[in-house]
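Asker: Mind having a look at this structure? Questions to follow.
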Amino acid sequence: MIKQILNRFPRKPAKSVESQEGEGTSTSSSPANSAGYNYGSSNASSLSAVDSNSSLGLNHCDKFVEDVNAKLNLNGSMSASSYEALPSFRDVPNSERQNMFIEKLHMCCFLFDYTDPSRNLREKEIKRQTLVELVDYVSSANDKFTEIMMQEIIKMVSINLFRTVTSSHRENKIVEASDLEEEEPSMDPAWPYLQIVYELLLRFVTSPETDSKLAKRYVDHSFVLRLLDLFDSEDPRERDYLKTVLHRIYGKFMVHRPFIRKAINNIFCLFIFETEKHNGIAELLEILGSIINGFAMPLKEEHKMFLVRAFVPLHKPKCVPMYHQQLSYCITQFLEKDCKLADTVIRGLLKYWPMTNSSKEVLFLAELEEVLEATQSAEFQRCMVPMFRQINRCLSSSHFQVAVRALFLWNNDHIQTLIKENHKIILPIVLPALEENARNHWNQAIQSYTMNVRKIFSDTDPAFYGECMHKFQEDEARAKDLKSKQEAKWKRLEEMAATRAANNEPVLVSPKTAPLSPSGKAHRASD
């Protein structure tokens, strides 16, 4: 019966045009070339003859699509009669449904130009309806997928999804995060069709009828790498689907887990140290947040190195606000697994602490508070001196948000407890900034918050607070005295220079030669 149905379809040969690699990716002024297919048994066997072992790796995408098109004789232009809908699965006997499934997959390998909405409307709708049928078939499958079915599914998905992802508006510049937030996201015109292909892949990966031991031959390392390449897509809808698909692949194919983590680490390193341009860092971090949550305890050394070499340096790029929420979540997940990593994380934050970017500094202070909430006393004591030197600089900031965010650290009960336990070391570090704020800060709210922090210290240990204040006042008096002496000396020098200039006398300067310091540099002569 199926042969009688299939024989009704025309077998008109296709006309010659240039084949396309991917959907909606052409930047040429002429529309992308559409492909036709003859649904006779000879062409079906030709497609099956495509080398199933052809690499789906990044460097072989063009060659792979060309091979498929060549086998299908896709050198002619699309004609309405050569691209017809195949019968529905309901109209085919159960024994022939697998063959029909493969035929429909072959049919969906044809690529159209979706940048031209007026071209091949009928054929595009046929392809869309066929893709929907394939999704329904995969979702309702009651038998295990055969190896040939898996091979053809991955082949069709690869042809439709794997294409060159461009970021034209960011090619020649590193943009600030605020600029990216204001820009409208780029929407792929092929998305209504790509979405169905992604849904098919997702249903296939999550289906109980997919044998992971068999499927891993086709969902292999090269396939995973090319999925990861697509995370740089400017379309947020595609990145969201990729996030879900990759997470499911990570869960189903345990053999690929170390490779996926390493591949993501490589993307991060390229982004941090070379390009600082990537659209999918936030989505990759969301996946990793879930992965870290499932790490067994105690953490492996490999996982700790992942934190040090990938997550901590991600604080370096200028566009960190675009993914900081996800990054902060991953960091806290690590600390919940092993609180001893707090010292490493805090020192990493201090290493990449922004000097001139106030908005980024506010984010760092917020993350520091989250990290300190998971920090125990022993780790806190290891890093508290350099940490509170940085906090002291933040307290002295003339930027309202930076100063108030630093003062809010004392509102956290756990952090306040840690500070009280070590107040004899912390108070001398931050007291100068507190006193300066209380006396001279331009913002009244900052002055009020500063008074509250001072009261916490004075209530904790009044005697020690009095000693620190006395020392601060002595230091302040010495600084004022030194400043007045310097000003008087400069005034005398100016008067001497003016007197000699009036008498037309040269002013001779004979500097004293100071001994060399251990570093090899001479000190300035003392006053």
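Asker: Using the Kirkwood radius over Cα pairs, work out the Stokes-Einstein diffusion coefficient for the stretch 279-424 at 20 °C and 1.002 mPa s, in µm²/s as a whole number.
Answerer: Working: Rh = 15.7 Å.
D, rounded to a whole number, is 137 µm²/s.
Asker: Could you state how much accessible area MET322 has, in square angstrom rounded to the nearest 10, with a 1.4 Å probe and all protein chains kept in place?
Answerer: Solvent-accessible area, nearest 10 Å²: 80 Å².
Asker: So, one more: In square angstrom, what is the accessible area per residue of the stretch 277-318 with a 1.4 angstrom probe? It would help to have the intermediate numbers written out before the result.
Answerer: Numbers: 1740 Å² over 42 residues.
Per residue, the stretch 277-318 has an accessible area of 41 Å².
Asker: Now for a separate question. Pick out, in residue order, every one of the GluC sites (Glu not before Pro) in the stretch 83-129 that is DSSP loop and has at most 16 other C-beta atoms within 10 Å; say none if there are none.
Answerer: Details: sites: GLU84, GLU96, GLU103, GLU123, GLU125; in loops: GLU84.
Loop-located and lightly packed - GLU84.
Asker: Quick check: Cα centre of the stretch 255-298 to Cα centre of the stretch 389-449, how many Å?
Answerer: Comparing the Cα centres of the stretch 255-298 and the stretch 389-449, I get a distance of 35 Å.
Asker: Provide, as a two-decimal number, the C-alpha radius of gyration of the stretch 244-340 over 2.2 N^0.38 Å, N being how many residues it has. Before the final figure, lay out the partial values.
Answerer: Values: Rg = 12.9 Å, N = 97, 2.2 N^0.38 = 12.5 Å.
The value comes to 1.03.
Asker: Quick one: net charge around ASN265, please, counting Lys, Arg +1 and Asp, Glu -1 for every other residue with C-beta under 11 Å from its C-beta.
Answerer: Local charge sum for ASN265: +2.
Asker: Continuing with this model, one more query. To one decimal place, what orientation-averaged projected area in nm² is obtained for the convex hull of the Cα set of the stretch 409-506?
Answerer: Working: hull surface 35.9 nm².
Here the figure is 9.0 nm², rounded to one decimal.
Asker: Something else: To the nearest Å, what is the center-to-center distance of the stretch 186-205 and the stretch 211-229, using C-alpha atoms only?
Answerer: Result: 17 Å between the Cα centres.
Asker: Please compute the net charge surrounding ASP343, taking Lys and Arg as +1 and Asp and Glu as -1 over other residues with Cβ under 9 Å from its Cβ. Working shown, then result.
Answerer: Numbers: positive: LYS340, ARG347, ARG382; negative: GLU379.
Net of charged neighbours comes to +2.
Asker: Just how much of ASP229 is accessible, in Å², when a 1.4 Å probe is used and the result is rounded to the nearest 10?
Answerer: For ASP229, the solvent-accessible surface is approximately 70 Å².
Asker: Taking the dipole about the Cα centre of the stretch 380-491, with the C-beta of Lys and Arg at +1 and of Asp and Glu at -1, give me whichever of THR450, PHE408, PRO432 is farthest to the positive side.
Answerer: Working it through, the farthest residue towards the positive pole turns out to be PRO432.
Asker: Next question. Give me the dipole magnitude in Debye, nearest 20, for the stretch 356-506 about the Cα centre, with unit charges on the beta carbon: positive for Lys and Arg, negative for Asp and Glu. Walk me through the intermediate numbers first.
Answerer: Details: 19 positive and 21 negative charges, 114 e Å.
With Lys and Arg at +1 and Asp and Glu at -1, about 540 debye.
Asker: Also, I was wondering about something else. Quote the charge dipole size of the stretch 244-336 about the Cα centre in Debye, to the nearest 20; the model charges only the Cβ of Lys and Arg (+1) and of Asp and Glu (-1). Mind showing how you got there, number by number?
Answerer: Working: 11 positive and 7 negative charges, 39 e Å.
Charge dipole of the stretch 244-336: 180 debye, to the nearest 20.
The values are calculated or read from the model by the stated rules, or taken from the named source; none is laboratory data. In this text, all values refer to a predicted model and were calculated from it rather than measured experimentally. For neighbour counting, all protein chains shown are included, and Cβ atoms are generated from backbone atoms with ideal geometry for every residue, glycine included. Surface areas here come from the heavy atoms of the whole protein model, side chains and all, with no ligands, DNA or RNA. Shrake-Rupley method; radii C 1.70, N 1.55, O 1.52, S 1.80 Å.
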